């Protein structure tokens with residue numbers, strides 16, 4: 001909404017939903033995984049809304065390890081780079097973010113396509129290293 005109420009209200013958004021709690025958890029976390037399906041070569045609306053809604057307290061999201069996951073029907077991981085750059089655009093305004101890994105879940109068109117894929121193995125191994 002870009003109403004800026006949060007900036008004059010101690011970081012508390014005027015919208016009555018669970019974003020305040022979500023933001024508290026992001027601020028308290030050591031690791032943040034940002035995952036999205038890719039539609040028309042960018043992140044979905046829900047992920048973009050989450051990013052935008054951090055506005056009230058984004059400066060408190062400090063020194064986090066970030067992992068990015070993007071899935072799409074296309075088989076070419078370069079087609080997902082615009083989405084990854086969108087994640088990087090968000091983390092670039094934070095204090096001390098560390099990009100730790102990226103999973104490209106390509107070839108995921110139908111339910112179940114991702115099962116048994118290289119991306120699942122990569123995500124499992126990456127998760128063990130956290």
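Just so it is clear, none of the values below were taken in a lab; they were calculated from the coordinates. The structure presented is a predicted model; accordingly, all values stated were derived computationally and were not measured. Here the Cβ is made from the backbone with ideal geometry for all residues, glycine too, and neighbour counts use every protein chain on show.
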Here the chain gives, from Cα atoms, an Rg and Dmax in Å of 15.9, 49
Rounded to one decimal in nm, the spacing of the 7 Å Cα→Cβ label points at residue 42 and residue 29 is 2.3 nm
Per the rule of 0.36 nm per residue minus the C-alpha distance, extending residue 93 to residue 128 adds in nm 9.8 nm
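Run lengths n ≥ 4 of DSSP H only: what is the helix-derived mean residue ellipticity at 222 nm for the chain, with -39500 (n - 2.57) per run over all residues, to the nearest 500?
When only DSSP H runs of four or more count, the value is -9500 deg cm²/dmol.
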Going fewest to most other Cβ atoms within 10 Å around each Cβ, 43, 19 line up as 19, 43
Taking N as the residue count of the range 50-109, its alpha carbon Rg divided by 2.2 N^0.38 Å gives 1.25
Dividing the mean separation of Cα pairs under 8 Å (6+ apart) by the residue count of the range 30-128 yields a relative contact order in percent of 30 percent
